[in-house]
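Accompanying notes for the structure given below.
The values are calculated or read from the model by the stated rules, or taken from the named source; none is laboratory data. In this text, all values refer to a predicted model and were calculated from it rather than measured experimentally. For neighbour counting, all protein chains shown are included, and Cβ atoms are generated from backbone atoms with ideal geometry for every residue, glycine included. Surface accessibility is based on the protein's heavy atoms, side chains included, excluding ligands, DNA and RNA. Shrake-Rupley method; radii C 1.70, N 1.55, O 1.52, S 1.80 Å.
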There are 2 protein chains.
Amino acid sequence: MASTDKPTDPEHGKEIPPPKPEVPAAAPPAVNCFVLDVALRVLLFAAALTAVIIMVTGEQTKLIPLLGNRKAKFNHSPAFIYFVVALSVAGLYSLITILASTSVILKPFFSKKFLVYFAYTDVLILGLVASATGSAGGVAYVGLKGNKHVGWIKVCSTYDTYCQHIAGSLAVSLFASVVLVFLIWLSIFSLHRRPSAPPL
Amino acid sequence: MASTDKPTDPEHGKEIPPPKPEVPAAAPPAVNCFVLDVALRVLLFAAALTAVIIMVTGEQTKLIPLLGNRKAKFNHSPAFIYFVVALSVAGLYSLITILASTSVILKPFFSKKFLVYFAYTDVLILGLVASATGSAGGVAYVGLKGNKHVGWIKVCSTYDTYCQHIAGSLAVSLFASVVLVFLIWLSIFSLHRRPSAPPL
């Protein structure tokens, strides 16, 4: 025992644990990155769910002269259907990644390295959500302003509540896109700032 | 223990096998990544420029009964104006990043590390291009199919050449979005596969 070069406590004769190397100093930012990652994914889930609910519940029936009762609903426009599908996919995806990220923090069921692969799919989901927001936004703008060049009439002057729902849904979806941008930035940042890695 | 030169696992006390000499093998892919990066950015520039040119040149005049000669042009729709602006920004951005990436390969005027920061802006440009493609696509689809629920008539049955230009432009823009996805994937991949870096 005395021949070993492990330091011992003079009072109790117990081995003093060797000083920890400096790796733990780099560990907390990595853990914080995962906490921030989960927080952003929860925000993404909330935003996607809210956007879908607001869009789907935006139904309005109006009495139009000569035409009778006419209903406006999201499924009357292919762009809004695409929007609902895309945001539903984003919501489901965020739910899966929340569970995976949380399991990494609580218990390493998934490898942390495995989570890096989510960065690849985050990029695809950003493309999906951004295009869906653009698509629904483009059609909603025609509904709001009309287009005199091709004779497309304004719709929002008649269906006011319906258009408010669409506008709200689009705003939340834009927020979801921003959250996705931050998620990808966080992945790039955490990969870039890994400790003791040589510069690229 | 400290004097031995074989590293041991602090948790299990087992000897860690000596690291495989893969470091020299990992260096050439880093250079190849930059070559691929430049190639993708050249593709992005070509796609953005082509999309803008096809969209802007898509002008058609038709004789409409009772209304006389009516012209269809991209600037009659705010969605198409946004598309042209977004793709022009993407084209200009790709031109700047081509110059920066090429300067890294030929002569390290810019730091290679500096180029990693382009990954952050690539994400923004992807959001911009995807939303512009979605926006123009949503409006173009209304032009193609009309919307009987709100009485928006089809336009493409009259302005055939104009709509062909828009469809072509949208296809090229979709290709630009895919190139941007690959660019961001390449950045994540090159950051993830850096030699001798510890796992996240």
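The selection criterion, being over 22 Å from residue B:142 (Cβ atoms), within 9 Å of chain B (Cβ to nearest Cβ) and either surrounded by fewer than 23 Cβ atoms within 10 Å (Cβ to Cβ) or at pLDDT 90 or above (or both), does not hold for residue A:107. Can you say whether residue A:145 is at pLDDT below 90, surrounded by fewer than 19 Cβ atoms within 10 Å (Cβ to Cβ) and charged (D, E, K, R), as far as the supplied structure shows? No: the conditions fail for residue A:145. Taken as a whole, the condition of being closer than 26 Å to residue A:55 by Cα, buried (at least 17 other Cβ atoms within 10 Å of the Cβ), at pLDDT 95 or above and more than 8 Å from every other protein chain (Cβ to nearest Cβ) does not apply to residue A:177. Within segment B:46-83, track down each residue that is of a type in the set (A, V, I, L, M, F, W, C), open to solvent by 20 Å² or more (accessible area, probe 1.4 Å) and either part of a helix (DSSP H, G or I) or closer than 30 Å to residue B:113 by Cα (or both). Result: B:46, B:49, B:52, B:53, B:54, B:56, B:74, B:81. Screening residue A:139 with (1) open to solvent by 20 Å² or more (accessible area, probe 1.4 Å); (2) in a helix (DSSP H, G or I) gives one miss only, at (1).
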